[in-house]
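The values are calculated or read from the model by the stated rules, or taken from the named source; none is laboratory data. These figures come from a predicted structure and were not determined experimentally. Side chains are part of the model used for accessible areas, which takes the heavy atoms of the whole protein and leaves out ligands, DNA and RNA. Shrake-Rupley method; radii C 1.70, N 1.55, O 1.52, S 1.80 Å.
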Amino acid sequence: LKKKWMDQVRVIFWGPSQLTLTDNQDVQEKLKEFQSQGGEAWACKKCADDLGTGERLARLGVKVESAGPMLTDMLKDGWHQLTF
């Protein structure tokens, strides 16, 4: 986004990465920077329910949704997936 290589980018937080985001101020600052450039942050609802992170994620501007349908729709719509 910053260098205009892509028009739209979504980061999806799964499992323990949700805890890292909700507990780490440095990661939250990176998220804010990403969001200010037009990036979208989403999180798996099942993981959020299991970890108790849903409300904290929502306050950070993260969209918490069921991951299966979300990811399926994105792939059907032609999104490319990068996992790390």
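At a glance:
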quantity	calculated
Carbon + sulfur, % of accessible area of the chain - ligands and nucleic acids excluded, 1.4 Å	54 percent
Dimensions (Å) - the chain, Cα atoms, principal axes, largest first	33, 28, 21
Unsatisfied cross-links (Cα-Cα over 29 Å) in the set Lys3/Lys46; Lys2/Lys46; Lys4/Lys76	Lys3/Lys46; Lys2/Lys46
Rounded accessible area per residue of the chain, 1.4 Å, Å²	71 Å²
Arg56 - accessible surface, heavy atoms, 1.4 Å probe, Å² rounded to 10	80 Å²
Most mobile listed residue (Val11, Val64, Val27) in the chain, GNM with C-alpha springs under 10 Å	Val27
